[in-house]
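A.B. asks: Mind looking over this structure? Questions follow.
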Amino acid sequence: MFNHLKISVCALALLSAPAFAQQTSITIGMALEPPNLDPTGGAAAAIDEVVYANVMEGLTRFGPDGSVNAALAASWDISEDGTVYTFSLRDGVTFHDGTTMDAEDVKFSLDRARAEDSTNAQKALFAGIADVTVVDPLTVQVTLSEPNGNFLFNMAWGDAVIVAPESAADMATNPVGTGPFQFSEWVQGDRVEIVAYDGYWGDKPALSEATFKFISDATAAFAAMMAGDVDAFPNFPAPETLAQLDADPRFNVIVGSTEGETILSTNNANVSDVRVRKAIAHAINRQDIIDGAMFGYGTPIGTHFAPHNPDYMDLTGNSAYDPDLSRQILADAGITDLKLRLALPPPTYARRGGEIIAAQLREVGIETAITNVEWAQWIESVFRGKDFDLTIVSHTEPMDIGIYARPDYYFQYDRPEFQDLNATLEVTADPAQRSTLLAEMQQIIADDYVNGYLFQLAKTGVANANIVGLWENSPTQANDLTGVSWTQ
Amino acid sequence: MKRNLIIGGALSTLFTLAALLSFLWTPYDVTALNIGAKFGTPNGQNLLGTDHFGRDILSMLMVGARISIAVALAAVSFGILLGVPLGLLAAARRGSVVDEIIMRSNDLVFAFPSLVIAILITAVFGPSLWNAILAIGIFNTPVFARVTRGAALSLWTLDYIMAARVAGKGAFRISFEHILPNILNLLIVQATIQFAVGIIIEAGLSYVGLGAQPPIPSWGRMLADSQTMISFAPHLALFPGAAIVLMVLGLNLLGDGLRDALDPKIRRART
């Protein structure tokens with residue numbers, strides 16, 4: 001007995017020793033609060049930024065470099081014809097409520113996401129699934145109606161995480177997943193707290209708890225960072241202060257890339273004349289917007305594709321800054337007195353970028369009426385209601401050129417040729433063929449001037465200099481804390 | 001104190017002249033951006049420097065003065081046009097149901113803080129210059145109604161009003177021919193004070209994004225925009241901030257000076 005006690009005391013001492021030296025809690029700043037915490041039922045990026053890889057896991061997952069890695073599926077076999085995926089699940093995986101994660105849960109999750117009445121924001125990810133069969137508790141077979149080269153990629157999205165039938169209904173307020181952290185508390189309007197989950201199947205994270213604090217105001221975010229109220233702000237909303245933070249030895253400024261194509265979204269139903277859209281495109285000086293709104297952070301784009309992707313085509317020349325050409329196009333088309341509405345959501349890129357674009361459009365004779373809107377209002381009237389002419393928004397989902405194949409999507413671009421190409425792309429697995437298709441698609445939407453393509457949003461993060469392991473780039477919307485630790 | 005009147009008058013005139021001048025001429029076009037010249041400190045070309053879009057701050061302040069003054073002026077006029085007749089009516093029908101309805105409705109508006117009313121109105125009807133005017137104007141109405149009623153009530157008991165009534169003049173004519181001219185000095189002083197309040201509320205609304213919308217420059221939004229840049233470009237916040245302070249100070253001093261100059265009781269007490 002006494003020996004036992006001695007051993008326990010020693011063990012305790014050993015365990016607690018590093019705790020004194022090292023901090024194991026972290027506070028992450030986020031500009032936007034998620035509307036709910038269910039990644040399978042909401043489109044907001046902020047949901048994934050809290051739960052992805054931390055609380056919820058899917059069959060596969062994105063790595064920091066954007067690669068698709070194994071997660072709950074330890075391995076998989078793909079049939080010759082590319083339509084049957086057999087996933088071997090990891091053994092000993094439990095949900096945070098203690099129930100076991102097995103093939104039934106995978107079937108439930110996928111069937112739930114692709115069901116008729118599913119509220120999944122990315123139903124297209126599951127559209128190709130014809131059938132999900134449970135072979136045995138640790139093997140699940142997914143049959144696709146057509147081969148889909150992107151299937152493993154699709155399964156890595158936050159929208160494709162695995163949930164349990166017991167807890168799926170309450171996901172919005174109490175997300176129960178298989179991740180290394182479990183949900184602890186959500187104080188609405190302030191923060192979400194997660195704590196390490198003891199029963200996690202994989203490597204335990206170095207952190208024992210994490211708090212996501214929501215600070216929408218750029219000034220307050222800067223103040224919170226300076227005061228040490230937040231330890232890291234992965235998407236820092238005030239690019240103008242980065243130089244000052246960078247010069248401060250207490251902080252690291254991490255600049256990387258995101259999947260955020262920032263565009264001057266144009267309602268193609270209202271601005272249906274391609275000549276007008278072309279005139280708008282040539283009136284825009286991207287470098288001025290990047291310098292003026294983002295203080296130099298951002299890469300100009302000429303189509304809706306991420307520049308760090310190997311299939312990216314630099315089509316910026318297609319819509320090069322040329323106000324004289326814009327004026328000429330408008331004059332040739334006989335268009336005068338053009339007045340458009342410009343709705344600006346809260347992010348810096350939109351509010352500041354919008355003022356710059358308005359000035360640039362005015363130069364060529366296009367008047368804009370700016371309205372600043374909050375996100376809820378933007379989702380309601382612009383995104384759902386489609387009641388807008390122009391708006392500025394960053395599309396942060398990875399590989400989202402497919403939205404141009406959806407005529408009912410908020411910018412309402414309807415081009416059958418593009419839709420056919422996209423349908424072909426979805427069933428093409430050959431990388432070379434996919435590259436060709438993607439190139440063609442990028443060219444079409446650039447030639448049609450569907451939207452004004454502005455720049456690729458940079459990921460400008462600020463973190464305490466003692467924190468390591470934060471993602472440098474944003475291949476998906478996430479604040480993956482599994483590899484994050486304090487050096488002292 | 002003549003000094004109040006002179007300093008207040010000088011400051012108010014300065015801003016008014018700057019605003020009027022901006023209709024004809026500004027050093028630079030305020031809607032033209034010049035990103036390459038951003039954060040310019042005050043120099044020979046840009047007397048007050050340039051902002052984060054490279055716009056000339058002096059030009060923006062001049063046009064901003066125009067907006068501030070226009071909004072405050074319109075809102076004060078709104079308050080006077082609505083509040084003074086209501087106050088006169090309430091005083092003429094003192095003690096009646098009409099008086100009660102007018103004054104209790106005023107209390108209702110008064111019960112809400114002015115800025116909250118303004119935010120409410122602009123949030124419901126959408127942010128624009130006109131809604132800002134409406135919002136501030138509505139808050140001004142009970143102020144003028146109360147001042148008018150209070151002053152008019154004391155006049156109604158005076159002998160010369162009685163004489164007018166005996167002569168057969170109706171309440172309407174008495175209100176406008178005898179009461180109004182005699183409370184004009186009070187109203188002018190009150191208008192000056194409300195003007196200053198209007199400027200502050202307009203700046204406040206613009207600061208939270210509910211006032212004049214871009215690209216129209218406004219003092220409040222200039223402050224809001226420059227918040228995060230204050231550490232490395234303080235002049236962006238300093239000049240619009242100083243403009244608001246000086247304008248409001250000027251109007252308050254002017255109001256004080258006018259009261260001293262116009263109020264016979266105070267004048268008599270001093271001499």
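A.B. asks: Using only Cα atoms, tell me the angle between helix A:103-114 and the longest principal axis of chain A; keep it within 0 to 90° and round to the nearest 10.
C.D. replies: For A:103-114 against chain A, the angle is about 20 degrees.
A.B. asks: Provide the percentage of antiparallel DSSP beta bridges, counting only those with both residues in the range A:260-458; round to the nearest 5. List each step's numbers first, then the result.
C.D. replies: Details: 12 of 21 bridges.
Around 55 percent of the beta bridges assigned by DSSP in the range A:260-458 are antiparallel ones.
A.B. asks: Now for a separate question. If R0 is 60 Å, what FRET efficiency do you get for A:Gln377 and B:Lys2 from their C-beta distance, rounded to 0.05?
C.D. replies: Values: r = 53 Å, r/R0 = 0.88.
Given R0 = 60 Å and the Cβ-Cβ separation, E is 0.70.
A.B. asks: Set the Förster distance to 35 Å, then compute FRET efficiency between A:Ser145 and A:His308 from the Cβ-Cβ distance, nearest 0.05.
C.D. replies: On the way: r = 32 Å, r/R0 = 0.91.
The pair A:Ser145/A:His308 has a calculated efficiency of 0.65.
A.B. asks: Under a point-charge model restricted to the Cβ atoms of Lys and Arg (+1) and Asp and Glu (-1), what is the dipole moment magnitude of the protein assembly as shown relative to its Cα centre, in debye to the nearest 20?
C.D. replies: On the way: 46 positive and 79 negative charges, 1136 e Å.
In debye, rounded to 20, the protein assembly as shown gives about 5460.
A.B. asks: For the modelled label position 7 Å from the Cα of B:Phe232 along Cα-to-Cβ, which residues of the range A:320-350 have backbone nitrogen atoms closer than 19 Å?
C.D. replies: Counting backbone N atoms under 19 Å from the label point, the list is A:348-349.
A.B. asks: Still on this structure: What FRET efficiency, computed as 1/(1 + (r/R0)^6) with R0 = 22 Å and r the Cβ-Cβ distance, is obtained for B:Ala10 and B:Asn43, rounded to the nearest 0.05?
C.D. replies: Numbers: r = 27 Å, r/R0 = 1.22.
Plugging the Cβ-Cβ distance into 1/(1 + (r/R0)^6) gives 0.25.
A.B. asks: What total accessible surface area, summed over both chains, is buried at the interface between chains A and B, computed with a 1.4 Å probe and given in Å² to the nearest 100?
C.D. replies: Working: alone 20350 and 13500 Å², together 32190 Å².
Buried: approximately 1700 Å² between B and A.
A.B. asks: With each pseudo-label sitting 7 Å past Cα toward Cβ, what's the B:Leu153-A:Asp229 distance in nm, one decimal?
C.D. replies: Reported label-point gap for B:Leu153 and A:Asp229 is 4.7 nm.
A.B. asks: Show the residues, 5+ positions off or on another chain, whose built amide H is closer than 5 Å to the amide H of A:Thr428.
C.D. replies: Amide H neighbours of A:Thr428: A:Gly149.
A.B. asks: To the nearest Å, what is the center-to-center distance of the range A:373-403 and the range A:470-488, using C-alpha atoms only?
C.D. replies: Distance between centres, Cα-based: 27 Å.
A.B. asks: Label-point separation (nm) for A:Arg362 and A:Val135, each offset 7 Å from Cα along Cα-to-Cβ?
C.D. replies: 6.5 nm
A.B. asks: Volume per residue, Å³, of the convex hull around the alpha-carbon atoms of the range A:57-168?
C.D. replies: Values: hull volume 11.4 nm³, N = 112.
Hull volume over Cα atoms, normalised by residue count, gives 102 Å³.
A.B. asks: Put simply, what bits of the range A:239-284 lose 10 Å² or more of accessible area when the other protein chains are there, versus the chain on its own (1.4 Å probe)?
C.D. replies: A:Glu240, A:Thr241, A:Gln244
A.B. asks: For the range B:151-197 and the range A:240-258, write down the distance between their C-alpha centroids in whole Å.
C.D. replies: Their Cα centres are 65 Å away from one another.
A.B. asks: Okay, next question. Give me the percent of the accessible area of the range A:57-168 that comes from carbon and sulfur atoms, probe 1.4 Å, all protein chains in place. Display every interim value, and only then the final one.
C.D. replies: Details: 2210 of 4540 Å².
That share works out to 49 percent.
A.B. asks: Counting each DSSP H run of 4 or more residues in chain B as -39500 (n - 2.57), what helix-only mean residue ellipticity at 222 nm follows after dividing by all residues, to the nearest 500 deg cm²/dmol?
C.D. replies: Working: 11 runs with 197 residues, N = 271.
Rounded to the nearest 500, the figure is -24500 deg cm²/dmol.
A.B. asks: Related question: Mind jotting down the distance between the C-alpha centroids of the range B:94-121 and the range A:317-359, whole Å?
C.D. replies: For the range A:317-359 versus the range B:94-121, the Cα centre distance is 45 Å.
A.B. asks: While we're on this one: Can you bin every Cα-Cα distance in the range A:335-476 into 5 Å intervals starting at zero and give me the percent of pairs per bin, rounded to whole numbers?
C.D. replies: Histogramming the range A:335-476 at 5 Å steps yields 2, 8, 14, 16, 17, 16, 12, 8, 5, 1, 0, 0 percent.
A.B. asks: For chain B, calculate the relative contact order in percent as a whole number, restricting contacts to Cα pairs under 8 Å that are 6 or more residues apart. It would help to have the intermediate numbers written out before the result.
C.D. replies: On the way: 420 pairs, mean separation 74.5, N = 271.
About 28 percent, as a whole number.
A.B. asks: How much of the accessible area of the range A:260-458, probe 1.4 Å, is carbon plus sulfur, in whole percent? Don't skip to the answer; put the middle values down first.
C.D. replies: Working: 3670 of 7470 Å².
Carbon and sulfur together cover 49 percent of it.
A.B. asks: Enter the accessible area of B:Tyr160 (Å², nearest 10), with the probe set to 1.4 Å and all protein chains included.
C.D. replies: 90 Å²
A.B. asks: Follow-up question, since we're still on this one. Using 0.36 nm per residue, how much length does the chain from A:Ser25 to A:Asp111 gain when fully extended, once their Cα-Cα distance is taken away? Walk me through the numbers on the way to the answer.
C.D. replies: On the way: separation 86, 0.36 × 86 = 30.96 nm, distance 3.67 nm.
Using 0.36 nm per residue and subtracting the Cα-Cα distance, I get 27.3 nm.
A.B. asks: Sticking with this one: Would you jot down the residues in the range B:198-233 that end up with at least 30 Å² less accessible area in the complete protein assembly than in the chain alone, with a 1.4 Å probe?
C.D. replies: The answer is B:Gln213, B:Pro214, B:Pro215, B:Gln227, B:Thr228, B:Met229, B:Ser231, B:Phe232.
A.B. asks: Please report, largest first and rounded to whole Å, the three semi-axes of the ellipsoid equivalent to the protein assembly as shown, where each semi-axis is the square root of five times an eigenvalue of the C-alpha gyration tensor. Walk me through the numbers on the way to the answer.
C.D. replies: Values: eigenvalues 697, 207, 136 Å².
Equivalent ellipsoid of the protein assembly as shown: 59, 32, 26 Å, largest first.
A.B. asks: Another one. If you count, for every residue in B:31-37, the Cβ atoms of partner chains within 10 Å of its Cβ, what is the mean? Please report the intermediate quantities before stating the final value.
C.D. replies: Values: counts 5, 3, 10, 3, 10, 4, 0.
Going residue by residue through B:31-37 and averaging, the value is 5.
A.B. asks: Let me ask something else about it. How much of the DSSP bridge set in chain A is antiparallel, in percent, rounded to the nearest 5? Working shown, then result.
C.D. replies: Details: 55 of 73 bridges.
Approximately 75 percent, going by the DSSP bridge assignments.
A.B. asks: Amide H neighbours of A:Leu344 under 5 Å, counting only residues 5+ apart in sequence or on other chains, H built in-plane at 1.01 Å?
C.D. replies: So A:Leu344 has HN proximity to A:Thr371, A:Asn372, A:Val373.
A.B. asks: Tally up the carbon and sulfur contribution to the accessible surface of the range B:176-243 as a whole percent, 1.4 Å probe, everything protein left in place.
C.D. replies: Working: 1700 of 2280 Å².
Here it works out to 74 percent.
A.B. asks: Around A:Ala224, under 13 Å between beta carbons, what's the net of Lys plus Arg minus Asp minus Glu among the other residues?
C.D. replies: Numbers: positive: A:Arg191, A:Lys213; negative: A:Asp190, A:Asp217, A:Asp229, A:Asp231.
Here the count lands on -2.
A.B. asks: Could you work out how far apart the two model spin labels at A:Ala220 and A:Ala247 are, taking each label as a point 7 Å from the Cα in the direction of the beta carbon, and quote it in nm?
C.D. replies: Computed distance between label sites A:Ala220 and A:Ala247 equals 2.7 nm.
A.B. asks: Mind checking the per residue accessible area of the protein assembly as shown for me, 1.4 Å probe, whole number of Å²? Walk me through the numbers before you get to the answer.
C.D. replies: Details: 32190 Å² over 759 residues.
Spelled out: the 1.4 Å probe surface of the protein assembly as shown, per residue, equals 42 Å².
A.B. asks: First select every other residue whose beta carbon is under 13 angstrom from the beta carbon of B:Ile230; then total the charges, Lys and Arg +1, Asp and Glu -1. Each step should come with its number before you reach the end.
C.D. replies: On the way: positive: none; negative: A:Glu240, B:Asp51, B:Asp225.
Net charge around B:Ile230: -3.
A.B. asks: If you consider only alpha-carbon coordinates, what radius of gyration and Dmax does the range B:71-167 have, in Å?
C.D. replies: 15.7, 52
The values are calculated or read from the model by the stated rules, or taken from the named source; none is laboratory data. Please read these numbers as outputs of a predicted model, since none were measured by experiment. Here the Cβ is made from the backbone with ideal geometry for all residues, glycine too, and neighbour counts use every protein chain on show. Side chains included, ligands, DNA and RNA excluded: accessible areas come from the protein's heavy atoms. Shrake-Rupley method; radii C 1.70, N 1.55, O 1.52, S 1.80 Å.
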